[in-house]
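Input: a single structure, listed below in structure tokens.
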Amino acid sequence: MSPDALRGAEWVRAGCPFELGGLPVAWQVTARTGTTSALREWNAYLTEGVPHEALADFLLALDARTDPTTLYDGPDRVLDAVFAQGWLPDIDHPATTATAPDLAASLCLATVPEHVFDADPRPDLAGWQAWADPAPGDGLLWCATFSASVPHDLVAAFAASLASPAPVPRRILPDASRHRLTVIPPH
């Protein structure tokens, strides 16, 4: 929980009752408008395997906001973040979906799964979803879902980190991704 009690991140791997893309939810990140309200305005759910730097950048962006629930930007901010890193717009849905150049990961603005809670009670709201599918047919490597009220600049921070071509340290390489990775031995 943040010092102002407006933001929280919790490891829920053992207690979360639902899955994303057939994978159990591992992290739940939430925000609320005030300390007197128990109602969460939005939630983000992430499975194990989400690149830790993308989760960290999302949390740092959330921590930097004075108001964690106000929408300042539109959804274009998210797509601009990945397009700037070389991701490609989807041919059928260029205004809502982007794919990594190697087709191993995707991001889209679409109706979120039914168990994804948002304070806005309207049905069929669109939220951001991201996933990695490096070996089609072998199942997803990880998934992330952001409810409809998650501010787009926060999702853009996650997406920019996810799409970054900069090298990242890994102790364990996912089997499905080994052939797509460049391994640089430590110095």
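The values are calculated or read from the model by the stated rules, or taken from the named source; none is laboratory data. The structure presented is a predicted model; accordingly, all values stated were derived computationally and were not measured. All Cβ positions, even for glycine, are placed from backbone atoms using ideal geometry, and neighbour counts span all protein chains on display. What goes into the accessible areas is simple: the full protein's heavy atoms, side chains included, and nothing from ligands, DNA or RNA. Shrake-Rupley method; radii C 1.70, N 1.55, O 1.52, S 1.80 Å.
Entry note, the chain: the mean residue ellipticity at 222 nm calculated from DSSP H runs of n ≥ 4, each adding -39500 (n - 2.57), is -5500 deg cm²/dmol after division by the residues and rounding to the nearest 500.
Round to the nearest 10 and give me the degree value, 0 to 90, for the angle of helix 152-163's Cα axis relative to the longest principal axis of the chain. So the inclination is approximately 20 degrees.
Inter-label distance, HIS115 to LEU103: 3.1 nm, where each label sits 7 Å from its Cα along the C-beta direction.
Accessible-area rank, largest first, for LEU60, LEU6: LEU60, LEU6, with all protein chains present and a 1.4 angstrom probe. Return the long-range amide H neighbours of THR33 (sequence gap of 5 or more, or a different chain), with a cut-off of under 5 Å between placed amide H atoms. Answer set, sorted by chain and number: GLU41.
In this structure, the amide hydrogen of ALA26, modeled 1.01 Å from its nitrogen in the peptide plane, lies closer than 5 angstrom to those of LEU46, THR47, GLU48, counting only residues at least 5 positions away or on a different chain. Working from label points 7 Å from Cα in the Cα-to-Cβ sense, the ALA95 to VAL12 distance is 3.2 nm.
Rounded to the nearest whole Hz, the Karplus-based 3J(HN,Hα) values (6.51 cos²θ - 1.76 cosθ + 1.60, θ = phi - 60°) of the range 112-125 follow the sequence 7, x, 4, 8, 7, 7, 9, 5, 6, x, 5, x, 6, 6, with x at glycine and proline.
Once the Cα atoms are used to define both axes, helix 52-64 deviates from the longest principal axis of the chain by about 30 degrees. For the range 65-138, the orientation-averaged shadow of the C-alpha convex hull comes to 6.6 nm² (one quarter of the hull surface). Between ASP124 and ASP67, the distance separating the two model label sites (each 7 Å from Cα on the Cα→Cβ line) works out to 3.0 nm.
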